[in-house]
Amino acid sequence: RAREAGRGRSHVFGDALRRELSEQNAIETALGAALANGEFVLYYQPVVAVETGDVEGYEALIRWPRPGLGLQQPDTFIPVAEKSDLICDIDRWGLREATRQLAQWSEDEPERYADLTVAVNISGRHLADVGIISDVTGALASSGLAAHRLVLEITESVLIDVPAATAHLVALREMGISISIDDFGTGYTSIAQLQQLPVDTLKIDRQFVTSTVAGARDLLMLMVNAAHSCGLSVVAEGVETDDQLEALRALSVDSVQGFLLARPQPADVVQGRLGTVRDAQGLQLRTEG
Ligand code: C2E
Ligand code: MG
Ligand code: MG
Ligand code: MG
């Protein structure tokens, strides 16, 4: 009897697994078609210098306006794409589009954009693939954007676990590209390791910015000081209130990103926007560009 029950159960699990796999396959097929049809778009969120309130650059964040289904956020499809090489195709598209857009803005309005950077999120799978090098050089060549104006954002866990990824980062940095550790604090990087990593910027995860738990400020201070002593600049993400901004300023965080300053917006909205970025110094509205 036990045997029969066991068989029955494995049959049930088999069905559930099959269903999940076919759902996964359906999304993958839809993502491949979306890429081929040019359905993806990038939204841009400014990264603002705390001292001056100046926009230093923009982070490109993917969106999928799925026909008939509304705007899909990356959390609903990037994790699916990351299960196959599809993520490399999507990231490659993102690199091309973001560099093309910044080059275009710089040509249209050099006084506003010529010194700015664009940050592109790269998944661990893509970074571990040797194709990352030619994908980046290809995007720079076709856009004409200088290497020092491109930032690649890599999540913390990838840096520690994947030796090939680290080797690729070294090569990319030698080309003049900047590397930022995204979602910092969610992984297990020690301060000793921080000093060894081929990175330029540490991007502190939103949870440390918003946390009101006792000791959260001390942890934040530890991270900022460790980064600075390793020669890294610090960006805090997810800044939503004036109080958070003031606390980050007091800790000497270099740059901030978050809804307080601006939400991610489509390219045409970014270019048309005037007077919507706050001056981080005076907490007043200032004119962008
Ligand atoms: P991330 O790179 O850590 O991006 C920051 C996320 O925080 C973005 O979510 C952004 O919209 C959101 N955010 C910014 N400011 C605030 C704030 O003040 N409050 C709150 N609550 N959220 C804020 P989004 O756009 O949904 O992206 C989610 C994640 O998807 C990104 O996290 C990134 O890991 C990934 N992603 C986005 N675009 C791409 C892409 O082109 N390629 C790859 N591989 N991953 C991407
Ligand atoms: Mg990011
Ligand atoms: Mg992040
Ligand atoms: Mg994130």
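Quick notes on this one:
- With Cα atoms defining each centre, the stretch 40-87 and the stretch 143-207 are spaced 18 Å apart in the structure.
- Cα gyration tensor shape for the stretch 145-272, rounded if a/c is under 1.5, else prolate or oblate: oblate
- Over the chain, DSSP H runs of length four or greater, each weighted -39,500 (n - 2.57), average out per residue to a 222 nm ellipticity of -15500 deg cm²/dmol.
- Annotation: extensible slack from Ala164 through Glu51 equals 37.0 nm (criterion: 0.36 nm per residue apart, minus Cα-Cα distance).
- Charge context of Thr166, other residues only, Cβ under 14 angstrom, K/R +1, D/E -1: -3
- Nearest-0.05 FRET efficiency for Asp75 and Asn25, computed from C-beta distance (R0 30 Å): 0.90
- Approximate spin-label separation His148-Lys83, in nm, with each point projected 7 Å along Cα-to-Cβ: 4.4
- Sorting 218-228, 251-261 by average packing, meaning the other beta carbons within 10 Å per residue, from highest down gives 251-261, 218-228.
- Percent antiparallel among DSSP beta bridges (both partners in the chain, rounded to 5): 45
Taken together, the values in this text are just the output of simple stated rules run on the coordinates, not laboratory data. Treat the numbers as computed from the prediction; the structure is a model and nothing was measured. Note that we place each Cβ from the backbone using ideal geometry, even for glycine, and neighbour counts take in every protein chain shown.
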